[in-house]
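All of the numbers you see were taken from the coordinates with simple rules; none came from a lab. These numbers come from a predicted model, not from an experiment. Please note: Cβ atoms are built from the backbone with ideal geometry, for glycine as well, and neighbour counts cover all protein chains shown.
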Amino acid sequence: MTVHVLILCTHNSARSVLAEGMLNHWASRLGRDVKAHSAGSAPSGRINPLALDALAHAGIDTSGYRSKSWDEFGAVGGPPLSIVITVCDRAAAEACPVFFGGTGEPVQVHWGYPDPSNAEGGEDGKRRAFELTRQAIGYRMLQLLALPLETMDRPALQAALTDIARN
């Protein structure tokens, strides 16, 4: 059974897209039945080109990526979510819609990252910030994939994801 993970950020243009790309990349490489999705509470309608560049630099195909609303995932017919991760402080503070997983409401956790599009140092500084953010997110996604997701009950999964957030 596929474990569906939704990663949220306000505009769904940078951090959530990096997280979606990294989780799907590592899940595929490791042979794990995990599918990442990303969305925003107020999607910008475009993905930051530097996010796409950072993913492409890591060998990740971004064709088909788009900025989308979290409403798509709360609607009937959406994927049965197991985990919802917020990656920006703004989205973490917002009241999320109710998402239903295959067996009820998904586990929710906040893994915050500074917005790389606000980095100083001009274009080069921003590119470095996007790459460092991609690497940091990728590391956490590897930690998530190291968990026995298929056999963990909700409290154990919540505890494990909270521990990853602290590290």
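Below are the figures for this structure:
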{"read-out": "The stretch 3-154 - percent relative contact order, Cα under 8 Å, separation 6 or more", "value": "29"}
{"read-out": "Options (i) 123; (ii) 160; (iii) 109 - which one matches volume of the Cα convex hull per residue in Å³ as calculated here", "value": "(iii)"}
{"read-out": "GluC sites (Glu not before Pro) restricted to DSSP loop in the stretch 118-167 with at most 11 other C-beta within 10 Å", "value": "Glu120"}
{"read-out": "Zone residues, the stretch 148-167, relative to Met1, backbone N less than 17 Å from point 7 Å out along Cα-to-Cβ", "value": "148-158"}
{"read-out": "Under 12 Å, Cβ to Cβ, from Arg140 - net charge with Lys/Arg +1 and Asp/Glu -1", "value": "+2"}
{"read-out": "Neighbour cut-off at most 12 other Cβ (10 Å), DSSP loop, trypsin sites (Lys or Arg not before Pro), the stretch 115-146", "value": "none"}
{"read-out": "Estimated distance in nm for a label pair at Gln158 and Glu72, the labels positioned 7 Å out from Cα along Cα-to-Cβ", "value": "2.9"}
